[in-house]
Amino acid sequence: MHDVMRRMAVGLNVDASDAHLLHMANNATFVLPSAGLVIRIIRSRTLLDRVHKVVELGGYFGQVGAPTIRLAEEIIQPVADGDALASVWQWVPPTDPTPDARDLGVALRQFHALGLPPFSLLVWDPIGDAHRRISDAEALDESDRDYLLAWCDRLQPQLEAFAAGQPAGLVHGDAHQGNLLREQDGRILLCDFDATCAGPWQVDLVPAPANEARFGPSGAHKQLASAYGYDITTDPAWPLLQEARELKMVVGGVPMLVSSPGAAAEFRLRLDSIRDKDYSVRWTAFSDLAGG
């Protein structure tokens, strides 16, 4: 990924002498401080369509003045290097204080008010995403696979009925404080639009309270609800949306079952606590366990 980034920088005629890796997940994200750019390189050929989507969204967000990061100007995007594909963004240097859940609530309220863009987006489909992860997992025990697939089958018609009864709007899809940046003037910006889709706005308010229920109280949900002006846990659909979120949090560990004993143990703990309906068990983030 470093080699790909440097070849892209040469092709763009920008300085990559001080480039360094910011994050490595589905994307390898590099910051080039001297050039004032961030390059996000997709790591899987099966996800190449995401790059085209985020570039189209980035252009739209710039046109409407959305509370989001901006694409790099005067660069034809996406940028390619062989089979590799990347989007290039204006770098926002870290500025204190670190954005919190209150900032997330304000940014999401503005983001949802934009409505849908004038081009098609994928429709919110949490069960489809879970199915793909389960199907690709070679190390998944057959009894666990059967349980997860049955869980998907039970939730899918309920979620489809819920979505059908709501006006479709712009959903960020991965709304958490780590996807916020603060500009020097204090303005809060959202980033990472890989999961952005068309669906019920309530979806973006679910992670904070769902995470607190499993990882322990943090105060984030109360801050988010106050800033946004709506407490999702009072919504009639909350139990269903919470369960859909928990499904996502469980299957998120499936790809790591082979490579990380720590993640495999956490997956077992999570799945067992779901089966036992035990909310006293505290989960640990997979990102803290993936290496061991």
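The values are calculated or read from the model by the stated rules, or taken from the named source; none is laboratory data. Every value quoted in this text rests on a predicted model; they were computed, and no experiment measured them. For neighbour counting, all protein chains shown are included, and Cβ atoms are generated from backbone atoms with ideal geometry for every residue, glycine included.
Worth pointing out:
- Only one entry of 205, 190, 181 meets the criterion of being touching a helix residue (DSSP H, G or I) at 6+ places or on another chain (Cβ under 6 Å), of a type outside the set (Val, Ile, Thr) and within 30 Å of residue 86 (Cβ to Cβ), and that entry is 190.
- Subset of segment 126-140 that is of a type outside the set (A, V, I, L, M, F, W, C) and either farther than 11 Å from residue 257 by Cβ or in contact with a helix residue (DSSP H, G or I) (Cβ under 9 Å, 6 or more places away or on another chain) (or both) - its residue that is surrounded by the most Cβ atoms within 10 Å (Cβ to Cβ): 126
- Count of segment 125-147 residues which are at pLDDT below 90, within 18 Å of the chain's Cα centre (by Cα) and under 15 Å from residue 267 (Cα atoms): 1
- Restricting segment 192-206 to residues that are crowded, with 22+ Cβ neighbours inside 10 Å and not in a loop (DSSP other than H, G, I, E, B) leaves a set whose member that is nearest to the chain's Cα centre (by Cα) is 204.
- In segment 224-279, residue nearest to residue 135 (Cα to Cα) [restricted to those that are acidic (Asp, Glu) and assigned to a helix (DSSP H, G or I)]: 246
- Beta carbons closer than 8 Å, at least 6 apart along the sequence or on distinct chains, pair a first residue in segment 233-250 that is under 18 Å from residue 148 (Cβ atoms) with a second that is modelled with pLDDT under 95 and among the small types (Gly, Ala, Ser) for 247/130; 248/130.
- At least 1 residues being touching a strand residue (DSSP E or B) at 6+ places or on another chain (Cβ under 9 Å), free of Cβ contacts under 8 Å to residues at least 40 places away in the same chain and within 22 Å of residue 173 (Cα to Cα) is the threshold, and among the strands (runs of 3 or more DSSP E) wholly inside segment 5-91 those reaching it are 20-24, 27-32.
- So residue 174, is it surrounded by fewer than 18 Cβ atoms within 10 Å (Cβ to Cβ), more than 15 Å from the chain's Cα centre (by Cα) and not polar (S, T, N, Q): no
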